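Shown next, in structure tokens, is the structure this report addresses.
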Amino acid sequence: MEPNFSLSLLLLFISFVSISLFVIFYCHDTASASSTFIVKYLVELPHIYNEVYEEQVELLTPKHQAS
């Protein structure tokens, strides 16, 4: 077995365990669990965060701004 494959399997296992523990211990309230996952991934993926932010700013901007 190649080292890269072993490392990939280890990282996959750690990720699976991490998510499993999250589900076991923190999913007593689905709304808070969903919010936690959303915030977690927005922090990990800043380009997605920027797109979400821009969309929210666009939604808050009045459609008929005075020129």
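A few points about this structure:
- Subset of the range 31-52 [aromatic (Phe, Trp, Tyr) and closer than 17 Å to Ser20 by Cα]: Phe37, Tyr41
- Ile48 touching a Leu at 6+ places or on another chain (Cβ under 8 Å) and either in a helix (DSSP H, G or I) or among the aromatic types (Phe, Trp, Tyr) (or both): yes
- Some residue of the range 12-32 being polar (S, T, N, Q), part of a loop (DSSP other than H, G, I, E, B) and either modelled with pLDDT of 80 or more or out of contact with any Phe, Trp or Tyr (no Cβ under 9 Å at 6 or more places or on another chain) (or both): no
The values are calculated or read from the model by the stated rules, or taken from the named source; none is laboratory data. Predicted model only: the values in this text are computed from it and were never measured. Cβ sites come from the backbone with ideal geometry, for glycine too, and all protein chains shown count toward neighbours.
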